[in-house]
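Visitor: Can you read through this structure? Questions will come right after.
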Amino acid sequence: MSHEPIQLHRLEGFFWVARTGGYAKAARAFPYPITQPAVHNQVKKLEDELGVSLFERVAKDRMAPTAAGQRLYDFVRPFYEALPTVLRSVRGGEFGGELRVTSTSLLLRHLVPAWIQRLHANHPDVMVHLEETADDAIDLLRKGSVDLAIDHLYEVPSDIATMPVALVEPRVVLPASHPEAKAILSGKRPFELARLDQTPFVAYAPGQRARDLQFMALAQEEITPPSMLSGTSAEVIMGFVSAGLGWSILPAIAPDGATFDVEGVVSAPLPIQAPGQNEGPAFEIVAAWRKNTPENPLLDAMLEAAPKIER
C-alpha cells in the first residue's frame, strides 16, 4: 500500500463509477472525453493506493461500492456534484453560498431588509444568515464566527476594515400621557430633558452596548431616575414606554423619526447642552470585516449593495 498523496483525477473516476454503477456508463457521463479502460485504470490505481477494494460486481453490467467505497463516495459526492455549478458561477460572475452577518435588532429591522433586496436583485443565489447577538462584534469577526458585522463601533481596531452605511441619532421616547410629551407636541416651549428626572427610566439590559450610551446621556444631564426597568430590544422598551411605565433614550436611523411612530408614544431628538442647538449627535453605523479576510466575492457583493449615507 502506497502512502503517497491520492491523485484527484482518480477520485473523479471513482466518483463517476459509483454514481453511474459501471465503467462504461461512467465514461459516457464524464464532463470531458475519456475511454472506459481509462476510467477502469483510474479506479484500479486508486484501489492500489488505498489498499482496499472499492467496488464489487453485483450484476453483469452493474458495479456497487463496497463498504469502504461507500464511505469514500459519501465524502467526495458533495464536492463533485456542486463543482459544475460553482464553475458556472465563477465563469459567469455569479455567486452562491452563505454570508454570515451579525447586527442589532434595530438595524436588522429597519436597515438590513432593503439592503438584502438590493443584494438579491443582482445575486439571487447568495444566502445571507442574519443573527442578532449581544456578543462583541469585533470578537466575532476575529474568531471567524461571522463575515460581516453591522453596528456602531466606539473604536476601530487596526485589523478591522469599515465602511459607513447609516447614521443613528439618539431620541427621547416617552408616554404620550406625560406632561413633557404634551409640551413637545404643542411646541410652546423647548423640550427639557431635566423635567423627566422624576420619571422611571427604561434601559437596555445590562451588558448591551446601547445601555452605555443611555447612561452617558443621563450622566450628562445629571439625571438619576427614581426607578428603572430594562429590556433586551428597542421593541421591548417601546412596549414599556407605550404602557406608561417610563421613558427611554433609543437610537433611530437618522433622520427616520418614524421608527418610533407607535401609539401612546411621543419621540423627540435628544437635547444637548450646546447653545442654539436642540438635537443630539448622530452616531455612525458601519459595515465591518477583517482586513485579512480571504478573497470573498459574497462579501464584496454585500458591500456593493450597501446603503449610501446622506449627510
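Visitor: Restricting attention to the range 1-52, which residues are within 17 Å of residue 76 (Cα to Cα) and hydroxyl-bearing (Ser, Thr, Tyr)?
Guide: 20
Visitor: Right, here's the next one. What residue, among those in the range 197-207 that are within 16 Å of residue 174 (Cα to Cα) and out of contact with any strand residue (DSSP E or B) (no Cβ under 6 Å at 6 or more places or on another chain), is surrounded by the fewest Cβ atoms within 10 Å (Cβ to Cβ)? Break it down into steps so the answer makes sense when it comes.
Guide: Let us first name the residues in the range 197-207 that are within 16 Å of residue 174 (Cα to Cα), namely 197-204.
Checking which are out of contact with any strand residue (DSSP E or B) (no Cβ under 6 Å at 6 or more places or on another chain) leaves us with 197-198, 200, 204.
Details: 197: 15, 198: 9, 200: 16, 204: 24.
This residue is 198.
Visitor: List every residue pair whose Cβ atoms lie under 7 Å apart, where the two residues are 6 or more positions apart in sequence or sit on different chains, the first residue falls within the range 228-247 and is under 16 Å from residue 265 (Cα atoms), and the second residue, located anywhere, is in a helix (DSSP H, G or I) and modelled with pLDDT of 90 or more.
Guide: From the range 228-247, the pairs are 246/240; 247/241.
Visitor: Could you name every one of the helices (runs of 4 or more DSSP H) located completely within the range 111-220 that has at least 1 residues being of a type in the set (A, V, I, L, M) and within 33 Å of the chain's Cα centre (by Cα)? So that I can check it myself, show each step before the final result.
Guide: Details: elements: 112-122, 137-143, 179-186, 209-220.
The qualifying helices (runs of 4 or more DSSP H) are 112-122, 137-143, 209-220.
Visitor: Identify, please: which residue in the range 270-309 is in contact with a Gly (Cβ under 6 Å, 6 or more places away or on another chain) and under 28 Å from residue 217 (Cβ atoms) and is, among those, modelled with the highest pLDDT? Can you show your working first?
Guide: Step one: list which residues in the range 270-309 are in contact with a Gly (Cβ under 6 Å, 6 or more places away or on another chain), which gives 270, 272, 298.
Restricting the remaining residues to those that are under 28 Å from residue 217 (Cβ atoms) gives 270, 272.
Values: 270: 77, 272: 54.
Once the filter is applied, the top-ranked residue is 270.
Visitor: Also: Pick from 233, 186, 248: which is small (Gly, Ala, Ser), modelled with pLDDT under 85 and in contact with a helix residue (DSSP H, G or I) (Cβ under 8 Å, 6 or more places away or on another chain)? Break it down stepwise before answering.
Guide: Working: 186 fails: in contact with a helix residue (DSSP H, G or I) (Cβ under 8 Å, 6 or more places away or on another chain); 248 fails: modelled with pLDDT under 85.
233 is the lone residue from the list that is small (Gly, Ala, Ser), modelled with pLDDT under 85 and in contact with a helix residue (DSSP H, G or I) (Cβ under 8 Å, 6 or more places away or on another chain).
Visitor: Within the group 210, 194, which residue is in contact (Cβ under 8 Å) with a residue 24 or more places away in the chain, surrounded by 16 or more Cβ atoms within 10 Å (Cβ to Cβ) and of a type in the set (Gly, Ala, Ser)?
Guide: Working: 194 fails: surrounded by 16 or more Cβ atoms within 10 Å (Cβ to Cβ).
Sole residue among the options that is in contact (Cβ under 8 Å) with a residue 24 or more places away in the chain, surrounded by 16 or more Cβ atoms within 10 Å (Cβ to Cβ) and of a type in the set (Gly, Ala, Ser): 210.
The values are calculated or read from the model by the stated rules, or taken from the named source; none is laboratory data. No experiment lies behind these values; they were computed from the predicted model shown. Cβ sites come from the backbone with ideal geometry, for glycine too, and all protein chains shown count toward neighbours.
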